[in-house]
2 protein chains.
Amino acid sequence: MPATLKDVARRSGFSVTTVSRALNGHSDVNIETRKKIEQAARELNYFPNRMAQQLVTRKTNAIGLYSLDRETFQNQFIALMISGMMDEATTHDFNLLLFATQRLMTAEEMVIQCKQRGLGGAVISGLRTDEAFIAELPAVEFPIVLVDVPVEGPRATYVSVNNVLGARSAVEHLASLGHTAIGMINGHDAAWVSQERLQGYKEGLLQHGLQIKDSYIYTGDFSKESGRRGAEHLLAANPELTAIFAASDLMAVGALEQLQAMGLEVPGHISVVGFDDQDFANHVSPPLTTIRQDMYVFGRLAARELIAMIEDTAYTPHHVDLPCTLVPRGSSGPVEKQGGVD
Amino acid sequence: MPATLKDVARRSGFSVTTVSRALNGHSDVNIETRKKIEQAARELNYFPNRMAQQLVTRKTNAIGLYSLDRETFQNQFIALMISGMMDEATTHDFNLLLFATQRLMTAEEMVIQCKQRGLGGAVISGLRTDEAFIAELPAVEFPIVLVDVPVEGPRATYVSVNNVLGARSAVEHLASLGHTAIGMINGHDAAWVSQERLQGYKEGLLQHGLQIKDSYIYTGDFSKESGRRGAEHLLAANPELTAIFAASDLMAVGALEQLQAMGLEVPGHISVVGFDDQDFANHVSPPLTTIRQDMYVFGRLAARELIAMIEDTAYTPHHVDLPCTLVPRGSSGPVEKQGGVD
DNA sequence: TCCCGAACCCGAAACGTTTCGGATTGGGGG
DNA sequence: CCCCCAATCCGAAACGTTTCGGGTTCGGGA
């Protein structure tokens, strides 16, 4: 139905070859000829057929996003990241395809599937650090960008915010408010970010001359419920705590609710800091002090690295630590003497 | 690099034609032959090249999602919808492409772009009812599904929840709790859902013999800030109000905050009901009573209709009203005598 | 013995591009 | 007048499939 090169050739009176060369801006075509051809193309509403193009030039102009974890897919997070990826893809005239898989098979199988679908590379999100799959990745000859999993190879890299720094600045924030007994509710171990945030927490404490106590650390699973349990547990074991840093906003909100249910005032009796800055962080009461990661630029960066690898086979991928910043809101405040709060 | 049909032919000793027919399950190939060919294909790790396939069979196996409004893209909403679309696409072996555009040009132009990219149809979200674009849509010969914009044609339909019913059940809920002075904070007029929800609100009132007062209706723009202003405005003009129905959770939360800032207790003095059931609805305090729309099945349905249109040229698209259900939570309660609340 | 159909297989064309390797002009220098 | 080069243009092959229109073989009925 749509017009083809042949149609344009017929209408303009030149050969298919010349039309192709004219429309692609090659030099060996007369300026007059080019104009006529462009005119004809416009009249016929001609657009090149991408399938045919890709078939002959073995270049692909599409990237894919594999989302393995449907839980995290449902938060606003991934939407922002997709948003960034879309914009970056658009500026490079790339398409963005989305895939949902529960598990990734072998790396080779995945690469074949990608190639078959015409992808030049893929971003993978939601991978757990305990997947065997990860080990195969660095060797793979197919451009891959991971989200929050540290893998690097000639055709593979990853994007992440600097979780260590982020967690550290959360602790610093609390310490600078006078807190000395700061607990942490962490995410599950299978997430790389958990390890990083824990490390940041520890570094923050050390930096302020505070001691690291195992009993101050509770391992949850990023869920609200685990945040609730974490707060309960931490306070039962350490009634002296005046601050809690949670490795996700969802856990922080769980903690918030639990603390308030226990009759504690936030931030009067105890301060809470989250991580992520999801939209609800600003809607809870008190609004959550948290570490903000900009998922939009995150997505843009992931797509940018991927496309660079695809377009330039010699490109050496590059890991960039995105900054994340503290957003002070109502849930954190200076230490006060017990009970003395309005 | 990947194996082609020719490779499989060479290895198995049959012709390209036979290999193709064998792999595609045609009947006129010997069972032994088929087995050998399948074996060879497996050994070579053969996967058909989608580009070539699509080039010759003019069938496409991809659908697209155009997102026009980046604001709404950023909520958890669209992520759930995409999630549903992905699953539906996957079960039909379709790809899902994402596009971001600020504005859609003419319908014809859009169709050409879609075809050029190999799409068989598109879902369009974030369209405003005042776009001229909409008028062209029913006539278009390309499968299209709209989100929350009522357009129907031989190759076009739309998905939506039953906003009238949803709004009505919100009002019924409040009325059954004894409320008789119920205000509404609506979204902006350019959204079709605003009109529908307003109508549902009115129907709900009438059904319970309550009067419709213009001063009880405030038109916002779906933002939290407009919810805040709406609450302030409504109560200033109508101090007798004991309940507010907001046409989005975000506005409901804005209203909630404003009411609390004004010293009113929710639900003690005044009840609030939202619409959407975004994730933060459950995290605010009190948790928001709201009308839940299941965006996952929403997405699935959109994709299902679209794919049906693509695969069966004779298929007459179908608009289905998805149900939406009231989720009673803490922000709504029975009317009480003024001031008598703990 | 001959013919016919079933079962199985294959060659070649087609889809819409890009690109390699020329072919055709016209003009200038020797 | 001949040669060569620059400027333009074009034919045909190739990319990896599917499918149309056959072709061959074999067995059985007439």
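Observations
- Odd one out for B:PHE94, checked against (1) more than 11 Å from chain A (Cβ to nearest Cβ); (2) open to solvent by 10 Å² or more (accessible area, probe 1.4 Å): (1)
- Checked against (1) of a type in the set (Asp, Glu); (2) surrounded by 21 or more Cβ atoms within 10 Å (Cβ to Cβ); (3) assigned by TED's automatic domain parsing to the domain that holds A:ARG304, A:GLU196 meets all criteria but (3).
- Residues of the stretch B:91-109 satisfying the condition of being more than 26 Å from A:ASN45 (Cβ to Cβ) and in a loop (DSSP other than H, G, I, E, B): B:HIS92, B:ASP93, B:PHE94
- A:GLY220 being at positive phi and without any contact (Cβ under 8 Å) to a residue 40 or more places away in the chain: no
- Qualifying positions in the stretch B:127-159 - assigned to a loop (DSSP other than H, G, I, E, B) and open to solvent by 30 Å² or more (accessible area, probe 1.4 Å): B:ARG128, B:THR129, B:ASP130, B:GLU131, B:ALA132, B:GLU141, B:ASP148, B:PRO150, B:GLU152, B:PRO154, B:ARG155
- Matching option when the condition is among the basic types (Lys, Arg) and near DNA strand D (Cβ under 9 Å from one of its atoms), among A:ARG58, A:ARG42, A:ARG50: A:ARG58
- Any hit, the stretch B:277-296, residues being out of contact with any Ser or Thr (no Cβ under 6 Å at 6 or more places or on another chain) and away from every other protein chain (no Cβ under 14 Å): yes
- Residue in the stretch A:51-65 that is more than 30 Å from A:MET110 (Cα to Cα) and within 12 Å of DNA strand C (Cβ to nearest atom) present: no
- Enumeration of residues in the stretch B:11-29 that are more than 10 Å from DNA strand D (Cβ to nearest atom) and either within 14 Å of chain A (Cβ to nearest Cβ) or out of contact with any helix residue (DSSP H, G or I) (no Cβ under 9 Å at 6 or more places or on another chain) (or both): none
- Filter pass, A:GLU88 being assigned to a helix (DSSP H, G or I), within 11 Å of another protein chain (Cβ to nearest Cβ), at pLDDT below 90 and closer than 29 Å to B:ALA52 by Cβ: no
- Residue check, B:LEU68 modelled with pLDDT of 90 or more and within 14 Å of chain A (Cβ to nearest Cβ): no
- Of B:MET105, B:MET81, B:MET110, all but one fail to be more than 8 Å from chain A (Cβ to nearest Cβ) and open to solvent by 50 Å² or more (accessible area, probe 1.4 Å); the exception is B:MET105.
- For the stretch B:37-47, the count of residues that are buried (at least 22 other Cβ atoms within 10 Å of the Cβ) and facing chain A (nearest Cβ under 10 Å) is at least one.
- Tallying residues that are touching a residue at least 40 places away in the same chain (Cβ under 8 Å) and either more than 30 Å from A:VAL56 (Cα to Cα) or within 12 Å of DNA strand C (Cβ to nearest atom) (or both) within the stretch B:21-50 yields 1.
- In the stretch A:11-20, the residues that are within 8 Å of DNA strand C (Cβ to nearest atom) and open to solvent by 80 Å² or more (accessible area, probe 1.4 Å): A:THR17
- Filter pass, B:VAL8 being buried (at least 22 other Cβ atoms within 10 Å of the Cβ) and more than 8 Å from every other protein chain (Cβ to nearest Cβ): yes
- Every residue from the stretch B:116-126 that is open to solvent by 10 Å² or more (accessible area, probe 1.4 Å) and either among the basic types (Lys, Arg) or at pLDDT 95 or above (or both): B:ARG117
- Filtered residue count, the stretch A:51-71, keeping only those that are without any contact (Cβ under 8 Å) to a residue 24 or more places away in the chain and either in contact with a Pro (Cβ under 6 Å, 6 or more places away or on another chain) or buried (at least 19 other Cβ atoms within 10 Å of the Cβ) (or both): 1
The values are calculated or read from the model by the stated rules, or taken from the named source; none is laboratory data. Here the structure is a predicted model, which means the values were calculated and not measured. All Cβ positions, even for glycine, are placed from backbone atoms using ideal geometry, and neighbour counts span all protein chains on display. Ligands, DNA and RNA are stripped out before the accessible areas are found, and what is left, the full protein with its side chains, is counted by its heavy atoms. Shrake-Rupley method; radii C 1.70, N 1.55, O 1.52, S 1.80 Å.
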